[in-house]
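Notes follow the structure.
The values are calculated or read from the model by the stated rules, or taken from the named source; none is laboratory data. All values reported here derive from a predicted model rather than from experimental measurement. Please note: Cβ atoms are built from the backbone with ideal geometry, for glycine as well, and neighbour counts cover all protein chains shown. To get the accessible areas, we keep the full protein, side chains included, count just its heavy atoms, and leave off ligands, DNA and RNA. Shrake-Rupley method; radii C 1.70, N 1.55, O 1.52, S 1.80 Å.
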Amino acid sequence: MTLAGKTLFISGGSRGIGLAIALRAARDGANVALIAKTAEPHPNLDGTVYTAAEQIEAAGGRALPVVGDIRDEAQVERAVAAAVDRFGGIDVCVNNASAINLSGTEALEIKRYDLMQSINTRGTFVVSRACIPHLKRSANPHILTLSPPVSLEPRWLGPHVGYTIAKYGMTLCALGFAAEFAGDGIASNALWPRTLIATAAVQNLLGGDEAMARARKPELYADAAYAVITRPSRDCTGNAFLCEDVLAAEGVTDFDRYAYRPGTQPQVDLFVDHA
């Protein structure tokens, strides 16, 4: 099964992991609708929704860039409607957009707490909800949410309660959708890496150059996402997958090719016990 002619709706896909997933789909000839806030170049971040669209089309896909904020229900609904109008439907919804702040409870400003909840958990719900009526008409519909397995171990709860709630909320959405829409054949899964992925968040928030050196390329996440969303939807739902486990099940044995800096030992990501 490939994504040729299929339509993906991706939140926050102007750079990083979301863009890598879009480009992997584009290589099959997929249609990709992106909703992201970045219309103009950011001084500290690469790419806009428009440069992402150019890369998608150069890779062999068709792109629809939409400038929008997933915290705004009306903007999301207009973006989904535009994607359906352009491409005829939606086959895959990818909840990629996410905000991160690892401050402890006393240090975390409430406006930052609210930002994480509104983008991560609420945004996942809003985007998925808008896509679901169209997914019901797809031959192999998938919702893929980029969030971790849920663990109630104190070491994941104590250091950054606000962020943990926001990310676990995304996973609970994914698992809840799987149960609610099983009868409609809509697959819903969460996907998370065992190790750091080389993104702006890692560079700017999780350790800078040293952390980047011990990260893996976004293509690892993209290849795992591709493997999940090309599986039969009725046979692959309700999981909180780890990327490396997905790829291992696909027969991948050489993970060195994904190393951001070859020859380094990858660093375990948040919410994961071991690499």
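Just a few scattered comments:
- Looking only at segment 25-53, residues that are surrounded by 24 or more Cβ atoms within 10 Å (Cβ to Cβ) and touching a residue at least 60 places away in the same chain (Cβ under 8 Å) come to 3 in all.
- Within segment 1-30, tally of residues that are within 16 Å of residue 83 (Cβ to Cβ) and in a helix (DSSP H, G or I): 5
- Note on segment 257-269: among residues that are in contact with a Leu (Cβ under 6 Å, 6 or more places away or on another chain) and either over 16 Å from residue 241 (Cβ atoms) or not charged (D, E, K, R) (or both), the one that is surrounded by the fewest Cβ atoms within 10 Å (Cβ to Cβ) is 267.
- Neighbours by Cβ (under 8 Å, 6+ apart or cross-chain): first from segment 139-164, open to solvent by 60 Å² or more (accessible area, probe 1.4 Å); second in a loop (DSSP other than H, G, I, E, B): 139/91; 159/102; 159/104
- Answer residue from segment 1-16, given it is open to solvent by less than 30 Å² (accessible area, probe 1.4 Å) and not hydroxyl-bearing (Ser, Thr, Tyr) and is farthest from the chain's Cα centre (by Cα) among those: 3
- Output for segment 115-131, where each listed residue is under 13 Å from the mean Cα position of the chain (by Cα) and of a type in the set (Val, Ile, Thr): 119, 121, 124, 127
- Cβ-Cβ distances below 8 Å connect the following pairs, each with a first residue in segment 208-220 that is charged (D, E, K, R), a second residue that is part of a strand (DSSP E or B) and buried (at least 17 other Cβ atoms within 10 Å of the Cβ), and a separation of six or more residues or different chains: 214/195; 216/195; 216/197; 216/259; 217/197; 217/259.
- Only a single criterion out of (1) open to solvent by 10 Å² or more (accessible area, probe 1.4 Å); (2) at pLDDT 90 or above is not satisfied by residue 206, namely (2).
- Residue count, segment 174-202 (criterion: in a helix (DSSP H, G or I), farther than 12 Å from residue 148 by Cα and modelled with pLDDT of 95 or more): 8
- Residue identified as of a type in the set (A, V, I, L, M), free of Cβ contacts under 8 Å to residues at least 60 places away in the same chain, part of a loop (DSSP other than H, G, I, E, B) and surrounded by fewer than 21 Cβ atoms within 10 Å (Cβ to Cβ) among 272, 252: 252
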